[in-house]
Every structure is written in structure tokens, then in C-alpha cells.
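Student: Input: one structure, supplied below.
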Amino acid sequence: MRYRSVLFLFAALLALSSCVSTKQMSYLQEHEKEVDSIIQVQRLRKPYRIQVGDLLSIRVKALDQDIVGMFNPIGSENPNATTEEAVYFDGFTVDDHGNIRVPTMGEINVLGFTEREVREKIEQKLLEEYFKEEANIFVTVKLAGIRYTTLGEIGQGSQVVYKDQITLMEAIANAGGINDYGDRENVQIIRQYPQGEEVHVVDVTDIEIMKSPYYYIQPNDMIVVNPLPRKALGLGTTGLEVFRTVSSLIALATSIYFLTTR
């Protein structure tokens, strides 16, 4: 009887220590009680600087649209098309040297520039070499969507979002959320920089993540959610699941013990 009591106590302690707590599964928790629910978030998103492999959408407009037709891609007759295929064929990819090839204007270096700086650069080139101020040239330059990849204990794959900005929480939600085995306290963001890739670790269970410079996703980011250690044990996520698994193992061990000691 004493042997069974010890086994039961051990199973109960293991179940309580192995299950995933609510704190580990909840997003954006406040660790200190606030007076109200209003959260002041300082926007730390810096203007994105274009990198090799980025895809840009460029449109040139004027009072007389016919005179700028040669500067626009072939698919410009349907400027509202937002399918990935249309953007791929009509956009301008930044090559390994940081250049894009624009009809008539030739190669333009855009590496390290912001969207606004590229727009101003193209406008200046058009006014200096092709048009006068009276033409009322209007240029738009945008990233052709924000592409990011998710791996691990989250919906896996690549996604493209046609927005000017997207938060980490939106990116996680678009991927279907982090599953019960995902380590929300150590989410990795692998981000590309001109000097190479860097890994940033963030805690999405803490509401302070909204003040992080990595709260906004950048093009080509990779979000990696590693599993909690208890997944390798295969015990389950809830206390009941762990208790059932441990009880079954103990029952099996007890049966083997009695069979071998008879």
C-alpha cells in the first residue's frame, strides 16, 4: 500500500510540473496591475531600407498619361492588380548589385534607400532628363508586399501581406497562431541586414513586446517558434493528459515488477 501511495504522489507531482501553464500560453500579459487598460506604445518602427532581393512596385503618372507610358511596366493597364503573380512580373527586383532596371531610365541603384528616397531619386532623374515641371510628374514607389516565413510550432510556410506595415502578432495570427507546444517566451526573428542575418529573441507573452523595435515585421523576416522541452517527453500539455500518461507508465511498470518478482 505504501508503495502505491509513493507512486501516486510521484505521478501527481510530475503531472503538475510537466503541464503547460496558462502563463506560458497567453499572449501580451501585463506583469504589473495597471490603473486602466490603455497602453501607451512608442512607435519604434524605423523606415525600411531596401535590400537585395526586394521587389518594388513603381508607377509614373502625369497629366498626359500617354507621355509616361514608356516608363511603366507592361501590366500597368491594370494598376489595381494585387495578385502575387502580377506583382512578380510587373515589379522591379533589386539585383545582387542593389540595382533595378526601369524602362528607358536604365539601371538605378536603390540599395539602402527608403521608399521615399527612391521616389525622390526617380522624380529628379525624370525632371532632369525627360520632362519639365509643367508635366506634373507623380511617382509612387512601394514594396510589393511584405513576405515573411514561419517555422516550428506554428503554421509553417511563406506569406505575403499587401500592407505598409505588419506587427509580429498579426504575422503570428496569419499563420494560425502558436500551438500548445510552442515556446512563446523565446520566439526567434531571423532578420536580414546588409552585413548578413541576425537572430533576435522576443517574448510574445509579455505586453512590453509592443515597445520592441522588432514588433514590426520587415520583408524577408523568418519567425521561428521552437518547441517546449516537455514536447520531447511526449507527456501532453494539460495536467490531465500528463497524469493519464504517467499513470499508464506507472501501471505498466508495476505490472512488470509484480510479474518478475513472483
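For every residue, the table says whether it meets (1) free of Cβ contacts under 8 Å to residues at least 60 places away in the same chain; (2) surrounded by 15 or more Cβ atoms within 10 Å (Cβ to Cβ); (3) touching a Ser or Thr at 6+ places or on another chain (Cβ under 7 Å).
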| residue | (1), (2), (3) |
| --- | --- |
| ALA171 | yes, yes, no |
| ILE178 | yes, yes, no |
| GLU185 | no, no, yes |
| GLN188 | yes, yes, no |
| GLN192 | no, yes, no |
| GLN195 | yes, no, no |
| HIS200 | yes, no, no |
| THR205 | no, yes, yes |
| MET210 | no, yes, no |
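Student: Could you tell me which residue of the stretch 124-155 is farthest from VAL187 (Cα to Cα), considering only residues that are polar (S, T, N, Q) and touching a residue at least 12 places away in the same chain (Cβ under 8 Å)?
Tutor: ASN136
Student: Quick one: ASN220 ticks every box in (1) modelled with pLDDT of 90 or more; (2) loosely packed, with under 15 Cβ neighbours inside 10 Å except a single one, so which number is it?
Tutor: All conditions are met except number (2).
Student: Here's a follow-up. Look at GLU185 and say whether it is assigned to a strand (DSSP E or B), among the acidic types (Asp, Glu) and more than 12 Å from the chain's Cα centre (by Cα).
Tutor: It is false that GLU185 is assigned to a strand (DSSP E or B), among the acidic types (Asp, Glu) and more than 12 Å from the chain's Cα centre (by Cα).
Student: Can you tell me how many residues within the stretch 148-157 are at pLDDT below 90 and either in a strand (DSSP E or B) or aliphatic (A, V, I, L, M) (or both)?
Tutor: Qualifying residue count, the stretch 148-157: 1.
Student: Just checking, which of THR167, THR150 is within 10 Å of the chain's Cα centre (by Cα) and either over 21 Å from LEU228 (Cβ atoms) or of a type in the set (Lys, Arg) (or both)?
Tutor: Of the residues listed, the single one that is within 10 Å of the chain's Cα centre (by Cα) and either over 21 Å from LEU228 (Cβ atoms) or of a type in the set (Lys, Arg) (or both) is THR167.
Student: Also, I was wondering about something else. Please state which one of VAL141, VAL102 is farther than 20 Å from ASP221 by Cα, surrounded by 13 or more Cβ atoms within 10 Å (Cβ to Cβ), among the β-branched types (Val, Ile, Thr) and within 29 Å of the chain's Cα centre (by Cα).
Tutor: Answer to the selection: VAL141.
The values are calculated or read from the model by the stated rules, or taken from the named source; none is laboratory data. Small disclaimer: the values here were computed from a predicted structure and weren't measured. Positions of Cβ are backbone-derived with ideal geometry, glycine not excepted, and every protein chain shown enters the neighbour counts.
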